[in-house]
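One structure is given here, and the rest of the page talks about it.
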Amino acid sequence: MKYVQTTCPYCGTGCSFNLVVADGKLTGVAPYHRSPVNEGKVCPKGTYAHEFVGSPDRLKTPLIKKDGKFVAATWDEAYDLIAKKFKSYKPEEMACLSSARVSNEENYLMQKFARAVLKTPHVDHCARLCHASTVVGLAGAFGSGAMTQSIGDIADAKCVFIIGSNTFEQHPLIGRRVMQAKMKGAKLIYADPRLTATGKQADLFLPFYSGADVAIFNGLMQQIIRNGWENKEFIEKRTKDFDKLKAVVMKPEYSLDNVAKISGIPAKDLATAAEWIAKSGATAILYSMGITQHTTGVDNVKSVANIQMLTGNLGRPGTGVCALRGQNNVQGACDMGALPNVYSGYQAVIVPDNKKKMTDAWGTELAEGKVGYTVTDMINILADKPGTLKCLYIMGENPMLSDPDLHHVEKGLRNLEFLVVQDIFLTETAELANVVLPAACYAEKDGTQTSTERRVQRWRKAVNPPGQAKADWQIFGELAAKMGFAKQFPYKSAEEVFVEVAKVTPSYAGMSYARLEKPEALHWPCPTADHPGTPILHKEKFAHPDGLGVFTPLEWKPAAEVPDKDYPLILTTGRCIWQWHTGTMTRRSVSLESEAPTGWIEINPEDANALGIKDKEKVRAVTRRGQVEVPARVTKDIKKGVTFMPFHYKECAANVLTNNALDPVAKIPEFKACAVRIEKLPEVKK
Ligand SMILES: Nc1nc2c(c(=O)[nH]1)N[C@H]1C(S)=C(S)[C@@H](COP(=O)(O)OP(=O)(O)OC[C@H]3O[C@@H](n4cnc5c(=O)[nH]c(N)nc54)[C@H](O)[C@@H]3O)O[C@H]1N2
Ligand SMILES: Nc1nc2c(c(=O)[nH]1)N[C@H]1C(S)=C(S)[C@@H](COP(=O)(O)OP(=O)(O)OC[C@H]3O[C@@H](n4cnc5c(=O)[nH]c(N)nc54)[C@H](O)[C@@H]3O)O[C@H]1N2
Ligand code: SF4
Ligand SMILES: [Mo]
């Protein structure tokens, strides 16, 4: 029996645990106490993170589709077919989707494969659906798009303001730090359309209509300025454009009474929140998808930055903008350049010096130095301009359940000439592929991943992959060799890839596997081998060239689709603690699946009564994009006028209903608000 320390493959918190291996088989998860992130504790997903690994459904051989059916193939047959096809397309006709589920090394190799082998600029991944607004919004405000604090730091806050994050269910071990702060006397404010598990611990709950976020922040800021509670010294020394912000937030539209009308939050509660945020001495704001997944996602993020600069809550312990990154390695996938506009370390592809640097490092001509398509662009182009994009290579993503407006997604993917999917299970997306490649999962390979607090940590191989499955990094090496790029992909281990990452990525330059052995690992930026890493950003100055933070005045705009007489309610979507996204892993974990075996739609009792709908009754939810039948959950915990569905379940897929309207800059879809009608189903005669 052996214990292998590794990092949790689920959320961006980055907890560590031991995998327990007996006779070469994974038998369980045991605590690893030395991690400063989770100190030996894990949430239910961590507890059962071994269960899906040995599932009989794991992909074990490559599959090639012949006459509409998958046939098992050898790796050589699969590689030969893929190489032949890839060589037959122009670079512009091909695109790659990388993955926030796989390691840094593997993300680095996919963007290198796209840019150096396929020579296409089109590479992106699910950060687009997630924190694209954060990357753009915080880069605008602070010069860097990452969470400003470390997780442990949250416990030192005197006030924690959580908006658009169900922290206790989606980042449970960050929720633990919030409770530690509360036990030391911090006030907890929770703003959300739903009284979630997180909300139930709050000292002040602000329930509101999805999509009202900018109005709420402007209202809070007006109240702070009216009372002279702003941090004048911080504004003066560390920021610019305060006057522009003031001109907008002081407008009569953003008086507490008017914001109360827009948002549904009582004015007196907004006033209390403003006072607590401004006067606590150390307020941390935690946010996640409730803020980012809107056509105004970037505006929402910039509003969070505005209020923290206004009150001087940055660069000190217990303060900051905690943008909670979702997937285990979404931070790393972005850092590694699996984005259409940057190489690793956010080095812009349009800057000729950066392109030259990468061309020299990789020893081959690269894709044209222009910004490629985003995930959302790719789907729109496929569906609406057939013949432009012909070939897609998807690793570790399942857009057939996770992208908005699934009928539109399916239309797009069916327009492809050639689709390769590399996954650990035969997903809804893989079903549409021409070739499926079986990948090893986290427990079966070495690598690193980067958590929401920019902490880079190790995965360690505990068991062998099933059948002929291989680590993603190994697949890229072998496929590149078949395409004639053996010299560019010479890696014999994940560590060799990491050495190259450190060479070309300034923020990772001081890191090595040896240095990552310490339980606390390293936070980037870590520019040199003797640099201790950087847990808190923006202590003395912001990352803009002049060192100043930038206020952005923002007007509130409603969601792209608002309720009307045909679709009278708001639909918002999200997650529950037991399931993970499209369920490929958690639905194959007996312990997790049994807790939440199918989907539901939350409806306020007043709305349900008006429709004659009872708890647990199956109803039809209809939007302009499609309809699904789903059991109702009638609960006072959701605001009247709003409904909520988790998107984990293919049998009642929320994304059949969602709107693919995009934020104009970040191109993130509006998963958090569209208009819906709930219909009672005809009674079935017994
Ligand atoms: N168990 C579990 N944990 C996960 C995941 C998972 O699938 N399962 N996924 C991971 C990933 S990738 C991510 S990105 C994170 C996401 O983590 P969260 O963002 O915390 O999760 P969500 O459920 O998407 O949405 C958060 C909250 O936003 C609220 N909300 C809805 N509409 C609005 C609105 O208009 N404004 C505001 N302010 N709030 C609104 C919802 O009611 C919900 O409580 O979770 C990560 N952790
Ligand atoms: N309605 C609605 N839709 C949403 C959201 C929402 O809040 N509401 N949230 C959005 C957000 S924030 C996100 S992050 C996306 C997530 O969207 P996706 O990333 O598409 O969802 P996952 O189910 O996590 O898909 C990851 C895939 O990776 C595979 N995988 C796991 N490990 C490995 C590995 O080591 N190698 C390989 N090759 N594959 C692996 C899994 O089997 C799975 O098929 O969903 C988005 N969609
Ligand atoms: S909080 Fe996140 S990282 Fe920690 S055990 Fe749970 S899912 Fe894993
Ligand atoms: Mo996410």
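Among the strands (runs of 3 or more DSSP E) contained in the range 389-493, which hold 1 or more residues that are free of Cβ contacts under 8 Å to residues at least 60 places away in the same chain?
Because the criterion is at least 1 residues that are free of Cβ contacts under 8 Å to residues at least 60 places away in the same chain, the strands (runs of 3 or more DSSP E) in the range 389-493 that meet it are 418-423.
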The lone exception for residue 156 - which of (1) more than 20 Å from residue 12 (Cα to Cα); (2) within 16 Å of ligand 3 (Cβ to nearest atom) it fails: (2)
Long-range neighbours under 7 Å by Cβ, at least six apart or interchain, first residue touching a residue at least 40 places away in the same chain (Cβ under 8 Å) within the range 310-330, second within 16 Å of ligand 3 (Cβ to nearest atom) and among the charged types (D, E, K, R): 327/101; 328/101; 329/101
Looking only at the range 558-600, and only at residues there that are open to solvent by less than 40 Å² (accessible area, probe 1.4 Å) and of a type in the set (Val, Ile, Thr), the one that is farthest from ligand 1 (Cβ to nearest atom): 584
Between 39, 51, 77, 92, which is over 30 Å from residue 435 (Cβ atoms), open to solvent by 40 Å² or more (accessible area, probe 1.4 Å) and either within 16 Å of ligand 3 (Cβ to nearest atom) or touching a residue at least 12 places away in the same chain (Cβ under 8 Å) (or both)? 39
Taking residue 169 as meeting all but one of (1) assigned by TED's automatic domain parsing to the domain that holds residue 311; (2) crowded, with 19+ Cβ neighbours inside 10 Å; (3) in contact (Cβ under 8 Å) with a residue 40 or more places away in the chain; (4) within 22 Å of the chain's Cα centre (by Cα), write down the number of the exception. (2)
Would you confirm whether or not the range 443-452 contains a residue that is touching an Asp or Glu at 6+ places or on another chain (Cβ under 9 Å), open to solvent by less than 10 Å² (accessible area, probe 1.4 Å), on the phi > 0 side of the Ramachandran plot and away from ligand 1 (no atom under 16 Å from the Cβ)? yes
Kindly check whether there is at least one residue in the range 61-71 that is more than 16 Å from ligand 2 (Cβ to nearest atom) and surrounded by 20 or more Cβ atoms within 10 Å (Cβ to Cβ). no
Test of understanding: among 55, 35, which residue is touching a Phe, Trp or Tyr at 6+ places or on another chain (Cβ under 9 Å) and either outside the structural domain of residue 12 (by TED's automatic domain parsing) or within 16 Å of ligand 1 (Cβ to nearest atom) (or both)? 55
Quick count over the range 569-587, residues being more than 6 Å from ligand 2 (Cβ to nearest atom), among the polar types (S, T, N, Q) and closer than 15 Å to residue 50 by Cα, is 2
Testing residue 167 on (1) under 25 Å from residue 578 (Cα atoms); (2) more than 16 Å from ligand 2 (Cβ to nearest atom), one condition comes back false. Which one is that? (2)
I need a count of the residues in the range 646-675 that are under 18 Å from the mean Cα position of the chain (by Cα) and open to solvent by less than 10 Å² (accessible area, probe 1.4 Å). 11
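Among residues belonging to the range 139-151 that are within 16 Å of ligand 4 (Cβ to nearest atom) and crowded, with 24+ Cβ neighbours inside 10 Å, point out the one that is nearest to residue 391 (Cα to Cα). Outline the logic, then answer.
Just the residues of the range 139-151 that are within 16 Å of ligand 4 (Cβ to nearest atom), to begin with: 145-147.
Remaining after also requiring crowded, with 24+ Cβ neighbours inside 10 Å: 146-147.
Values: 146: 32, 147: 35 Å.
Per the criteria, the residue is 146.
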Cβ-Cβ distance below 8 Å, separation of 6 or more or different chains: which pairs start in the range 1-19 with a residue that is more than 17 Å from residue 48 (Cβ to Cβ) and within 14 Å of ligand 4 (Cβ to nearest atom) and end on one that is charged (D, E, K, R) and open to solvent by less than 10 Å² (accessible area, probe 1.4 Å)? 12/325
Can you go through 200, 182 and tell me which one is open to solvent by 20 Å² or more (accessible area, probe 1.4 Å), free of Cβ contacts under 8 Å to residues at least 24 places away in the same chain and within 15 Å of ligand 1 (Cβ to nearest atom)? 200
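The values are calculated or read from the model by the stated rules, or taken from the named source; none is laboratory data. Being a predicted model, the structure only gives us computed values, none of them experimental. Glycine gets a Cβ as well: all are built from the backbone with ideal geometry, and neighbour counts include every protein chain shown. Heads up: the accessible areas ignore ligands, DNA and RNA and are worked out on the full protein's heavy atoms, side chains in. Shrake-Rupley method; radii C 1.70, N 1.55, O 1.52, S 1.80 Å.
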